[in-house]
1. Looking at the chain, what % of its DSSP beta bridges pair antiparallel, to the nearest 5?
2. Highest first, please rank the peptides 270-279, 77-86 by the mean number of other Cβ atoms sitting within 10 Å of their residues.
3. Pop the C-beta distance of Asn164 and Lys303 into the FRET formula with R0 = 30 Å and round what comes out to the nearest 0.05.
4. Please give me the summed charge of the neighbours of Lys2: other residues whose Cβ is under 14 Å from its Cβ, Lys and Arg +1, Asp and Glu -1.
5. Only residues of segment 58-75 count here: report those whose backbone N is under 18 Å from the spot 7 Å along Cα→Cβ of Ala29, or say none.
6. Using the structure shown, select from Lys3/Lys303; Lys56/Lys315; Lys271/Lys303; Lys33/Lys254; Lys3/Lys319 the pairs with a Cα to Cα distance greater than 31 angstrom.
7. Please check which bits of segment 151-177 a label hung off Asp322 would reach, taking the label as a point 7 Å along Cα-to-C-beta and the cut-off as backbone N under 14 Å.
8. Evaluate the charge dipole of segment 1-160 about its Cα centre and quote only its size in Debye, nearest 20, assuming +1 on the Cβ of each Lys and Arg and -1 on the Cβ of each Asp and Glu.
Amino acid sequence: MKKRVFSGIQPTGDIHIGNYLAAIRHWAAMQDKYENIFCIVDLHAITVPQEPKVLKAKIREVSGLLIAAGIDPARSILFVQSHVSAHAELAWLLNCVIPMGWMQRMTQFKDKSQKQREQVTVGLFDYPSLMAADILLYDTDVVPVGEDQKQHVELARDTAQRFNSIYGETFVLPEPMIPDVGARIMGLDDPMKKMSKSESGSGHAINLLDPPEVIRGKIMRATTDSLREIRFDENRPGINNLLTIYQLFSGDNKAEIESRFEGKGYADFKKTLAEVVTEGLRPLQERYRELTAEPGRIDAILKDGADRARPAAEKTLKKVMDKIGLG
């Protein structure tokens, strides 16, 4: 039997090439290797304030981009988290098993709460429990994540082990899967920071729906350094990040790329990079326009996905409730 993969993505901000290169294209490529469940995690999105109309539109936009990027609803389940109520129900049950100290060690909450101060919600503190529920509901074997999300998968695993030790064998223990290359695409304006949907600034990220002229402008303004040699070097984060993006879009190896740009300047390299990224995104953008031109198509796909996901989620939830003594 194929191993089962669960992946989630928040419908907030603009989906960018960091999301695509580190996660989405890998999800599409492994659809035949694994049994895949992809979730638009809107309940996670509301841990910080969202404009309701924008959130509704973003749910459909992100869903359309996933399909345009190669997620096939015939081979994979694609649905919206809030359309399957077992996610929220299991999260509460796990809250009653997870020790407070485990949550207090979560580094992403510390980072986000420092920015928000007194506006921090209980949901933001508690969302690793909901993420654990997302994963454990489906007997997930593998969770593709970036390095910064590995801790959340480990919490889900620890929670599963704790529940199993108290109530008997119930949950499958999930494993994180981190891509070898491109797992951490950095910001164009600050290559010391991971490219982020929540980061402000027009030159920070290349979004999947950016037109060619915008992509060119962002790349030409991207941070490099005062040196001239174009080569992969982690001690030169700006050029190293741009070369990594080039490598992932072109499929060429490092030696080929360094040889191609030997003796050339940053301007020549950036122009070529802009062309490679533009052409790499063109098919995705065309598929997205075709998909969104058909009213109701995305909603129908999401409804079908929720209908397919719900039986497995409700089966796990019932098992957990029976073990605890509820229902």
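1. 10 percent
2. 77-86, 270-279
3. On the way: r = 34 Å, r/R0 = 1.12.
For R0 = 30 Å, the calculated efficiency reads 0.35.
4. 0
5. Counting backbone N atoms under 18 Å from the label point, the list is 66-72.
6. Listed pairs above 31 Å: Lys271/Lys303.
7. 168-171
8. Working: 17 positive and 18 negative charges, 39 e Å.
Around 180 debye, computed over segment 1-160.
The values are calculated or read from the model by the stated rules, or taken from the named source; none is laboratory data. The structure presented is a predicted model; accordingly, all values stated were derived computationally and were not measured. Using ideal geometry, Cβ is built from the backbone for each residue, glycine included, and neighbour counts are taken over all protein chains shown. Note: accessible area is taken over every heavy atom of the protein model, side chains too, but ligands, DNA and RNA are not part of it. Shrake-Rupley method; radii C 1.70, N 1.55, O 1.52, S 1.80 Å.
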